[in-house]
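The values are calculated or read from the model by the stated rules, or taken from the named source; none is laboratory data. Keep in mind that what you see is a predicted model, and the values were worked out from it rather than measured. Neighbour counts run over all protein chains shown; Cβ positions are idealised from the backbone, glycine included. For accessibility, only protein heavy atoms count, side chains too; no ligands or nucleic acids. Shrake-Rupley method; radii C 1.70, N 1.55, O 1.52, S 1.80 Å.
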Amino acid sequence: MNGHRHSLALTLIGWCHALLPADRAAWAAAMKAEVDAMEDGHAALAFAVGCIWGSIKARTLTMAFAAQSVRFATISGMLALSLQSALITGRMIDAYASTALVFGLISALFAAAAVWSYLRGPMALIQAASSIIPVYIIAYAFVSPKIGMVSASANARLYETLAIEGVVIWAALLIGGIFMLRVENLQSPSARALNP
C-alpha cells in the first residue's frame, strides 16, 4: 500500500510540472526530489497534494493566465449572446418582423465582434466596444419614453431595455479588452515568447 501511495505522489508531482509556469520548472524538480527522498507513502502523498494546490495557485495567479481566461470568457460570452439572439430571431420572425430584425442585428454584431477580437486580439475588442457603445446610447435616446421619438411603439420598452443592456454588456467587454491589452503590454519579451 505504501508503494502505491508513493507512485501516486510521483504522478501528482508530474502534474505539478505540467501545471507550473515555465519559469517555475526548478520548483517542480525540487518537489520531485522531495517526494523521492520521502520513505512514508502517506507523507509523500500529502506533500504531493499540497504541491498540486501550490502549482494551481502559481498558474492561476499569473497575469498571462488571467488575461487568457478573460479573453476566452469574452469571446465565449459574445458567441453565446450571438447564438441566443439568433435563436430569438428565429422564433420571432413570423410574428414580430421588426423586433426579429433587431435581434438579428444584435446576433450579427456579437458574432462579428467575437471573430474580430479572436483574430486581432484585445485592441480589436476595445475598438469594437468603443464604437458600439455610442450606438446603443443613441438607440436608448431614440426609444426612451422620456426623450425618444418612438415611445408609442408597442415594443419601445423592449428596445429601451435592449439599449441599456447593450451599453452594460459592451462596457464590460471594453473593460475586459483594456485589461487584456494592459496585461499584454506588461509582459516582458521573454514572457511573450513563452505565452503567445
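Observations, loosely collected:
- The single residue among Lys57, Lys32 that is in a helix (DSSP H, G or I), in contact with a helix residue (DSSP H, G or I) (Cβ under 9 Å, 6 or more places away or on another chain) and not acidic (Asp, Glu) turns out to be Lys32.
- Of residues in segment 113-122 being in contact (Cβ under 8 Å) with a residue 12 or more places away in the chain and either among the aliphatic types (A, V, I, L, M) or not in a helix (DSSP H, G or I) (or both), the one surrounded by the fewest Cβ atoms within 10 Å (Cβ to Cβ): Gly121
The rows are residues; the columns are (1) open to solvent by 80 Å² or more (accessible area, probe 1.4 Å); (2) under 30 Å from Leu158 (Cα atoms).
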site: Ala29; (1), (2): no, no
site: Glu34; (1), (2): yes, no
site: Ser55; (1), (2): no, no
site: Leu79; (1), (2): yes, yes
site: Met92; (1), (2): no, yes
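- Within segment 94-103, the residues that satisfy the criterion of being free of Cβ contacts under 8 Å to residues at least 24 places away in the same chain and open to solvent by 30 Å² or more (accessible area, probe 1.4 Å) are Asp94, Ala95, Ala97, Leu101.
- Qualifying positions in segment 123-141 - of a type in the set (Ser, Thr, Tyr) and open to solvent by less than 40 Å² (accessible area, probe 1.4 Å): Tyr136
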